[in-house]
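One structure is given below, encoded as C-alpha cells.
None of the figures in this text is laboratory data; all of them are computed from the coordinates on show. Note that the coordinates shown come from a computational prediction; the quantities given were computed from them, not determined experimentally. We place every Cβ from the backbone using ideal geometry, glycine too, and count neighbours over all the protein chains shown.
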Amino acid sequence: MTSGSAGNIAELLLASRRAGAAIAIPDGAAEPSIAEAYAIQDAVVAKSGGIGGWKVGAASPAAEPQCAPLPAPLIFQGPARLPAEGYGRLGIEAEIAFHITSSLPPRDLPYSRSEVIAGVGAVCAAIEIVDSRWQAWPRVGAGWQLADHSANGALIHGSGISAWHELDLSIQPVRLLIDDRPPIEAIGGNTAGDPVRLLVWVANHAARRGHPLKAGDVVTTGSCTGMNFAEAGSRVRAELRGIGEVELLLER
C-alpha cells in the first residue's frame, strides 16, 4: 500500500463515519501493514475532532500490543444516553480504563512503569461500543481492523477511584449486565493479563508517534468479558468490584 492509497483509505473511512454507513474494502486494495494502519488512524482522527484517549490491547500477556487513538467526540462520561441508530453494530465490552491527569510528552528515554502510573489520576469502569466501518467485519484482515481504530464506536467511562495502586488489576472482578440477561462475570478476563503493562506500552508508543498522552485523556485496555451484543433500548452496566461502575442507555 502506498502512502497515497493509505490516504484514500482514510478518506473512505471518514466518509463512512460521516454517513453512518458501513463500506466495502476497495477491490484490489492490499491489506495495510501495521505502520500503514497507524498512519490511516492518524489521518482519520485528525479530521474527527482530535484525540481524546486511546484503546490498547494484546492477544496474550507476551504479545506485542496494538492501539488506536480515540476521537474526542466519541468519549462520554457515564451515565450516558446514546442513540442506538448511531451504530451499525452494538457490540458491548466491559473494560478497565485509566484517567490521565499528567501529560507524558515525548522524550529520548522511554517512560518507566512507575512514571506512567504517576500520571494516572484514577482507574475506572468503561463500556466500549464496538462498531466497524467495514461491511464484512469481523471477517476482515487484522490490518483493516487496525486501520479502522480496531472497530471503536464509542467509549463510556465512569469516574473511578484514585486509590487503586495496591490493586492487582490482572485479577480484578468484572461484571457486565445487559438488560435482564444473566450477568457476564470475569476475574481479570483480559487476554493481555495486566492492564498496566498495556498502559505503559501505549504511553511510550503514543509519545514516539507524536501524539503523547495528555491530561484529560482516557485510556481503555481491552475487554474483560468478551464481546456481547445489545440492541436498541438496551440498558448496559459495567461493574468493577471496589472501583465503580458505569451505565449506558441505548435509546431507540
- Given H placed 1.01 Å from N in the peptide plane, which residues other than close sequence neighbours of Gly188 have an amide H under 5 Å from its amide H? Gln172, Val174
- Item | 3J(HN,Hα) from dihedral phi, segment 178-194, Karplus parametrisation 6.51/-1.76/1.60, rounded to Hz, x for glycine, proline | 10, 6, 9, 5, x, x, 9, 10, 8, 10, x, x, 7, 4, 7, x, 8
- Message: Can you compute the FRET efficiency between Gln135 and Glu115 using 1/(1 + (r/R0)^6), with r the Cβ-Cβ distance and R0 = 45 Å? Round to the nearest 0.05.
- Response: 0.60
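With +1 on each Lys and Arg Cβ and -1 on each Asp and Glu Cβ, and nothing else charged, work out how big the dipole of segment 3-251 is about its Cα centre, in Debye to the nearest 20.
340 debye
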- Message: Place a point 7 Å from the Cα of Asp108 along the Cα-to-Cβ direction; which residues of segment 196-215 have their backbone N under 19 Å from it?
- Response: 204-205, 207-210
- Lys/Arg Cβ at +1, Asp/Glu Cβ at -1, dipole of the chain taken about the Cα centre: which of Leu199, Pro138, Val218 is farthest positive-ward? Val218
- Taking a crude spin-label model, label points 7 Å out from Cα along the C-beta direction, the Glu64 to Ile171 distance in nm is 3.2 nm
- Loop-resident GluC sites (Glu not before Pro) in segment 113-215 with no more than 16 other Cβ atoms inside 10 Å, DSSP not H/G/I/E/B, are Glu166
- So what are the ³J(HN,Hα) numbers for segment 37-46, from phi and the Karplus equation (6.51, -1.76, 1.60; θ = phi - 60°), rounded to whole Hz, Gly and Pro as x? 4, 5, 5, 5, 3, 4, 5, 6, 5, 4
- Long-range amide H partners of Asp217 with built H, under 5 Å: Ile100
